[in-house]
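Before any comments, here is the structure.
The values are calculated or read from the model by the stated rules, or taken from the named source; none is laboratory data. Not measured: the values here are computed from a predicted model. No Cβ is skipped: glycine too gets one built from the backbone with ideal geometry, and neighbour counts run over all protein chains shown. Note: accessible area is taken over every heavy atom of the protein model, side chains too, but ligands, DNA and RNA are not part of it. Shrake-Rupley method; radii C 1.70, N 1.55, O 1.52, S 1.80 Å.
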Amino acid sequence: MARNIQSLERAAAMLRLLAGGERRLGLSDVASALGLAKGTAHGILRTLQAEGFVEQDPASGRYQLGAELLRLGNSYLDVHELRARALVWTDDLARASGESVYVGVLHKSGVLIMHHVFRPDDSRQVLEVGAMQPLHSTALGKVLSAYDPVAHTEALDGEREAFTPRTVTDAAGFEEILDLTRARGWAADVEETWEGIASVAAPIHDRRRMPVGAVAVAGAVERVCGESGEPHPALVASVRDCARSVSRDLGAGRF
C-alpha cells in the first residue's frame, strides 16, 4: 500500500485548523496545536501563503485562510449545483428531441462533460461524463468561448486543430463565429468535430449573470439538421429553452 505524504497531511491539518477557528492564529499557535516544530510549521505556512491558500495579516503576523480556497470552493459548489439543477431539464430535452444531451463547463483549455443524458432509444451508448471536448470546434466550446472571457482566451491562444474539412481554425474566422453566436444566443457544430455528427448548444448563466456552462443536443447530422444544412429551428428553440430553465433555477432570472 502506498504511504501518505507527510507534508501534505500536515498542510491539510493546518488548513482544517485555520478553518475551525474564529480568529487568526499565530505561528506558535499553529505549531503547538499540530505538534510541529516552529520551523516546520513556518515552512508549510509560507508555501500555502505563496499558493494563495493562506494569508498573513501584515500588522499582527497571524494567519488565516486565503482567497484561493474560497475560489476553489465556489468552483466545486457551482459545478455540482449546475449538475443538480440541470438533471430534470436535460432529461426533458433528451425525451423531446430524441437525441443525446450534454452539459459542459470550461476546464483548462477544453470543455469538460459533467453531465450526459443518453439518447432515449435502445441503441448502445457510452457514458461520456469526464470526457474533454475542444473549445474551437464543438457547439459547447463555441458557446463558452463566446460568453466566457477565460474560455475565449484559451481558445484563441491554444492550437485549433482541423478535425474535419469543415473545422474553422483561423483566428479571424473563429471570431466571426463567436460574434454570430452572441448575436443568435446559440452555437452549432455541423460535422466540424466528428464526421456525420451535428450539435446545438446554448449558454447557462448563474445568479451573477455569469456563464457557468452550456447545454447541447448532439446527434446524426441528418436528424439534427434540415435540408439547408442548418439545425432545425425547433431543436434550437428547445436547447435554448433548456438553458434558460437551468439558468433560472440557478438564480439568473429571465434571459
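For the reader, a short list of remarks on this structure follows.
- Relative contact order computed over the range 168-207 (Cα-Cα under 8 Å; 6+ residues apart), in percent: 30 percent
- Of all accessible heavy-atom area on the chain, the percent that carbon and sulfur account for (1.4 Å): 52 percent
- Prolate/oblate/rounded label for the range 195-255 (Cα gyration tensor, a/c 1.5): prolate
- Length available on full extension from residue 34 to residue 9: 0.36 nm per residue minus the Cα-Cα distance, which gives 7.9 nm.
- Cut-off 11 Å between beta-carbons: net charge of the residues surrounding residue 202, Lys and Arg +1, Asp and Glu -1: +3
- 3J(HN,Hα) from dihedral phi, the range 121-126, Karplus parametrisation 6.51/-1.76/1.60, rounded to Hz, x for glycine, proline: 9, 8, 6, 6, 9, 10
- If R0 is taken as 45 Å, the Cβ-Cβ distance between residue 237 and residue 19 corresponds to a FRET efficiency of 0.45.
- Calculated FRET efficiency for the pair residue 51/residue 249, C-beta based, R₀ 30 Å, to 0.05: 0.35
- Global form of the chain, assessed from the alpha-carbon gyration tensor, a/c cut-off 1.5: prolate
- The mean sequence separation of alpha-carbon pairs under 8 Å and at least six residues apart, normalised by the residue count of the range 59-186, gives a relative contact order of 15 percent.
- Legend: calculated FRET efficiency, residue 108 to residue 62, from the Cβ-Cβ distance at R0 = 22 Å, rounded to 0.05, equals 0.05.
- In the chain, the DSSP-assigned H stretches of four residues or longer account for a calculated mean residue ellipticity at 222 nm of -15000 deg cm²/dmol, using -39500 (n - 2.57) per stretch and the full residue count as denominator.
- GNM result for the chain, Cα springs below 10 Å: residue of 143, 79, 215 fluctuating most strongly: 79
- Mean Cβ count within 10 Å, highest first, over the residues of peptides 30-40, 122-132, 80-90: 80-90, 30-40, 122-132
- Accessible surface area normalised per residue over the range 89-134 is 52 Å², counting heavy atoms of protein chains with a 1.4 Å rolling probe.
- 13 Å beta-carbon shell around residue 167, net charge (K/R +1, D/E -1): -4
- Relative contact order %, the chain, counting alpha carbon pairs below 8 Å whose residues are six or more apart: 14 percent
- Using alpha-carbon coordinates, inclination of helix 38-50 to the longest axis of the chain, degrees: 30 degrees
- The range 144-185: C-alpha gyration tensor shape, a/c 1.5 cut-off, then a/b vs b/c: oblate
- With Cα atoms, 0 to 90° folded angle of helix 233-249 axis to the chain main axis: 20 degrees
- 3J(HN,Hα) from dihedral phi, the range 191-203, Karplus parametrisation 6.51/-1.76/1.60, rounded to Hz, x for glycine, proline: 6, 8, 10, 9, 4, x, 10, 10, 8, 10, 9, 9, x
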